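> Before I ask anything, here is the structure I am working with.
The values are calculated or read from the model by the stated rules, or taken from the named source; none is laboratory data. A quick note: this is a predicted structure, and the numbers were derived from the prediction, not measured. A quick note on method: Cβ atoms are made from the backbone with ideal geometry, for glycine too, and the neighbour counts reach across all protein chains shown. These area figures cover heavy atoms from the full protein model, side chains too; ligands, DNA and RNA do not enter into them. Shrake-Rupley method; radii C 1.70, N 1.55, O 1.52, S 1.80 Å.
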Amino acid sequence: MKQANPFLYSNDNKRYHTWNYCLREQFGQKTYKVALDGGFDCPNRDGTVAHGGCTFCSAAGSGDFAGNRALDLKVQFQQVRDKMQTKWKDGKCIAYFQAFTNTHAPVAELREKFETVLNEPGVVGLSIATRPDCLPDDVVEYLAELNERTYLWLELGLQSAHDETGRLINRAHDYDCYLEGVKKLQAHNIRICTHIINGLPKETPEMMMETTQKVVESGVDGIKIHLLHLLKGTPMVEDYKKGDLEFLTRDGYVNLVADQLEILPPEMVIHRITGDGGVDDLIGPVWSLNKFEVLNAIDAELVRRDSWQGKLYQSSEVIAK
């Protein structure tokens, strides 16, 4: 008997469980992120675990489209929100601490910054981007408290499940550290969105699929699938010059993402399946600047295959057998 497409009648008209659909189901209306720079640092930049940062990461700590860290956080929030409201006047918002590592600070500092934006009108939740090696017990306890009183997502950077890749990109933590961080958060029922990157140096499509499967097995609630963007001024430019980095083609990326969606659990929330770097800083792949063309191509590929998120998903119980 043919399996039915569970997303055929979603209000997004997508074949995967989108972040937009998830938020509309949760809050009953358009809900958007307000991307912020909370003024934090990163442990593999400040010497806590390493120096130099991840080799793909920009000077803005992957918060290139976030607010201005030179501004008071409340002012910053209001400025970014006002821009978003030109598109969605009546929408609610999630305060998104995006730049750098947003649990890399004492709890008192986290509390001051997170509570500041939670008290802003229209804010219905928090999304906090961090690393699995920045989840000490006292921080997790505070996150558990937040989770009891607001809609909370922890966005956990993994990028690759392959430790050899982690060493190559100066990630400064291993896959086991990621699993430990996941378990700490899951013990408090905190929603987790794992970030992965397709196209890292020396990785094959098979390795990228293995990373996706490892994310599935970790039991997290959501995933962000990023395309590697090579940006000017990042350490990874040296890999490119040496020939250790080859950009994915658009068709290769589209097919890979379709393959990844097919093995994800149907209920996993897809927060992102591509992205675009700043046009002035982007070295490649240049095709990624046409973000909506890429999204449409992924949709078209799923239709061509008569496929959808979870069509080839196997639960951990099945895999264990």
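> Quick one: of the DSSP bridges fully inside the chain, what percent are antiparallel, nearest 5?
Working: 2 of 35 bridges.
So the antiparallel bridges in the chain amount to around 5 percent.
> List the cysteines in the chain whose Cβ has no other cysteine Cβ under 4.7 Å from it.
Within the chain, the cysteines lacking a partner Cβ under 4.7 Å are Cys22, Cys42, Cys93, Cys134, Cys177, Cys193.
> Can I ask one more? Remind me, relative contact order of the chain in percent, using alpha carbon pairs under 8 angstrom and six or more residues apart?
17
> I've got another one for you. By the gyration tensor of its Cα atoms, with a ≥ b ≥ c the square roots of the eigenvalues, what is the shape of the stretch 108-232: rounded for a/c under 1.5, prolate for a/b over b/c, or oblate?
Prolate, since a/c reaches 1.5 and a/b exceeds b/c.
> Of the listed peptides 226-236, 287-297, what is their order by residue-averaged count of other C-beta atoms within 10 Å, with the highest listed first?
226-236, 287-297
> May I ask you to list the chymotrypsin sites (Phe, Trp or Tyr not before Pro) in the stretch 80-144 that are in a DSSP loop and have at most 16 other Cβ atoms within 10 Å of their Cβ?
Trp88
> With a point put 7 Å past each Cα toward its Cβ, work out how far Thr249 is from Asp46 in nm, to one decimal.
4.5
> Could you state the accessible area per residue of the chain in Å², with a 1.4 Å probe and every protein chain left in place?
I get 46 Å² per residue for the chain.
> Can you give me the Cα centroid spacing of the stretch 174-204 and the stretch 97-165 in angstrom?
Comparing the Cα centres of the stretch 174-204 and the stretch 97-165, I get a distance of 14 Å.
> Another question, if that's okay. For the stretch 212-236 and the stretch 287-301, what is the separation of their C-alpha centers, rounded to whole Å?
A separation of 18 Å, based on Cα centres.
> Rounded to the nearest 500, what is the 222 nm mean residue ellipticity of the chain from helices alone, with -39500 (n - 2.57) per DSSP H run of 4+ residues and division by all residues?
Computed ellipticity for the chain at 222 nm equals -11000 deg cm²/dmol.
> Could you sort out which of Lys89/Lys214; Lys33/Lys113; Lys30/Lys183 sit more than 28 Å apart by Cα distance in this structure? Working shown, then result.
Working: Lys89/Lys214 39 Å; Lys33/Lys113 16 Å; Lys30/Lys183 31 Å.
With Cα atoms farther than 28 Å apart: Lys89/Lys214; Lys30/Lys183.
> Shifting gears a bit: Quick one: grab the alpha carbon gyration tensor of the stretch 11-166, order the square roots of its eigenvalues as a ≥ b ≥ c, and give me rounded if a/c is under 1.5, else prolate or oblate depending on whether a/b is larger than b/c.
Prolate shape, in that a/c is at least 1.5 and a/b is the bigger ratio.
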